[in-house]
Amino acid sequence: MAQGRASFLKILPLIIVGAIAGRVLASMASGSSFLNWLIGLLVVGFVVYLVWLFAFKNQATRKATPAETAAALKFQPEPGKGVIYLYRKQFVAVLVGMDVVLDGQPIGQTRGYCFYRLVVEPGQHVLSGDGKCKEPLSFEVAAGEVAYIEKEILMGAFKGGYHYRRNADVAAAQTAIRSCKLLLPKG
């Protein structure tokens with residue numbers, strides 16, 4: 001089980017912030033009006049906020065090995081258990097980690113084009129998340145059943161969110177999941 005680590009995509013926002021901050025400071029140095037300084041500080045502050053939001057609010061994820069991924073992509077049920085495939089196949093907010101909570105227990109975070117394979121006891125379950133989860137999804141999984149649940153991002157003018165949707169189209173769900181990376185739950 002490989003532990004997620006800093007990658008170029010995680011460092012890229014820092015490079016962009018440095019470039020923008022350098023450009024703003026250089027243009028501010030050429031003119032010393034109060035308005036130039038105020039606009040420059042606002043731009044730098046906004047960019048720093050975006051970097052914090054996207055780069056440092058995300059939790060580390062546990063990525064699966066190729067063998068674990070191959071086994072998960074067989075979509076086989078577990079004897080006497082239920083299986084939940086939770087996937088997020090959207091480019092919107094692709095780098096933003098969004099919490100997954102199953103029956104009150106934190107599972108991890110999803111990012112764009114990732115999925116979890118969760119083996120659960122048969123019965124009623126509730127998928128929720130942080131405050132951005134508009135409405136938790138309550139559903140039942142029978143023994144030997146495989147459930148496909150998509151996490152959909154909701155766009156808003158000032159505040160977005162997400163919700164869960166159970167996908168009854170097995171072929172479409174499996175096709176979507178095949179283009180995603182398997183993440184391993186916490187623990």
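The values are calculated or read from the model by the stated rules, or taken from the named source; none is laboratory data. Not measured: the values here are computed from a predicted model. Cβ: placed from backbone, ideal geometry, glycine included. Neighbour counts: every protein chain shown.
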- Test result for ASP103, at positive phi and surrounded by fewer than 20 Cβ atoms within 10 Å (Cβ to Cβ): yes
The residue from GLU135, GLU152 that alone is assigned to a strand (DSSP E or B) and in the same structural domain as GLU68 (by TED's automatic domain parsing) is GLU152
Within the range 114-131, residues part of a loop (DSSP other than H, G, I, E, B) and buried (at least 16 other Cβ atoms within 10 Å of the Cβ) come out as GLY129
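Residues are listed down the side, and each one gets a yes or a no for (1) modelled with pLDDT under 95; (2) within 17 Å of the chain's Cα centre (by Cα):
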position	(1), (2)
VAL119	no, no
HIS125	no, no
PRO136	yes, yes
ILE149	no, yes
MET155	yes, yes
LYS159	yes, yes
ALA171	no, no
Discussion item. Just checking, does the range 80-87 include any residue being modelled with pLDDT under 70, out of contact with any Pro (no Cβ under 7 Å at 6 or more places or on another chain) and surrounded by fewer than 11 Cβ atoms within 10 Å (Cβ to Cβ)?
Written reply: no
Checked pairs for the range 171-183, first closer than 14 Å to ALA147 by Cα, second hydrophobic (A, V, I, L, M, F, W, C) and assigned to a strand (DSSP E or B), C-beta under 7 Å and 6 or more apart or across chains, list as ILE177/PHE115
Only unsatisfied item for THR65, checking (1) at pLDDT 75 or above; (2) of a type in the set (S, T, N, Q); (3) crowded, with 17+ Cβ neighbours inside 10 Å, is (3)
